[in-house]
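Written out below as structure tokens is the structure these notes cover.
Read-outs: derived from the displayed coordinates by stated rules, not from any lab. Every value quoted in this text rests on a predicted model; they were computed, and no experiment measured them. Cβ placement follows ideal geometry from the backbone for every residue including glycine, while neighbour counts extend to all protein chains displayed.
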Amino acid sequence: MDWFKTLETRQVLEQGAIATEVDGLRIALWAVDGEVYATGNICTHAFAYLTDGHVEGGCIECPLHQGLFDIRSGKALSAPVSKDIATYAVKQEDGFVWVDIN
Ligand code: FES
């Protein structure tokens with residue numbers, strides 16, 4: 001395990017989607033039904049920040065070509081995306097979200 005302290009849990013829960021960087025990796029922090037998730041923030045189809053997309057029902061719609069990913073599993077759900085996004089373990093400690101990037 002390689003835990004990195006990121007942003008305040010409160011911030012993530014309030015905003016729902018936040019871009020951050022962990023050890024040089026572009027990470028997205030998401031709030032879905034009161035739970036916090038972490039995924040890669042770059043679409044697997046082309047270059048777009050997923051946190052600029054639209055979140056609904058636990059899914060993120062890419063802002064560039066509207067590919068859909070499941071935030072909890074990282075699964076690519078609809079064309080043109082076919083490759084899943086990375087997901088990362090999270091824990092909450094001292095009011096902050098910690099992300100394990102391994
Ligand atoms: Fe995300 Fe094309 S860049 S669907």
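For the stretch 15-33, a residue qualifies if it is without any contact (Cβ under 8 Å) to a residue 12 or more places away in the chain and either of a type in the set (Phe, Trp, Tyr) or touching a strand residue (DSSP E or B) at 6+ places or on another chain (Cβ under 8 Å) (or both), and exactly one does: Glu21. Which of the residues belonging to the stretch 52-102 are closer than 14 Å to Leu29 by Cβ and of a type in the set (Ser, Thr, Tyr)? Within the stretch 52-102, Thr87, Tyr88 meet the criteria. Those residues that are within 16 Å of the ligand (Cβ to nearest atom), surrounded by fewer than 16 Cβ atoms within 10 Å (Cβ to Cβ) and not aliphatic (A, V, I, L, M), I need them from the stretch 75-102; list them, please. Passing the criteria: Lys75, Ser78, Pro80, Ser82, Lys83. Among strands (runs of 3 or more DSSP E) entirely within the stretch 1-97, having at least 1 residues that are under 12 Å from the mean Cα position of the chain (by Cα) and small (Gly, Ala, Ser) singles out 17-22, 25-32, 35-40, 87-93. Every condition in (1) within 14 Å of the ligand (Cβ to nearest atom); (2) closer than 21 Å to Lys5 by Cα is met by Arg72 except one, and the failing one is (1). Count of the stretch 31-62 residues, restricted to those that are buried (at least 16 other Cβ atoms within 10 Å of the Cβ) and within 16 Å of the ligand (Cβ to nearest atom), is 17.
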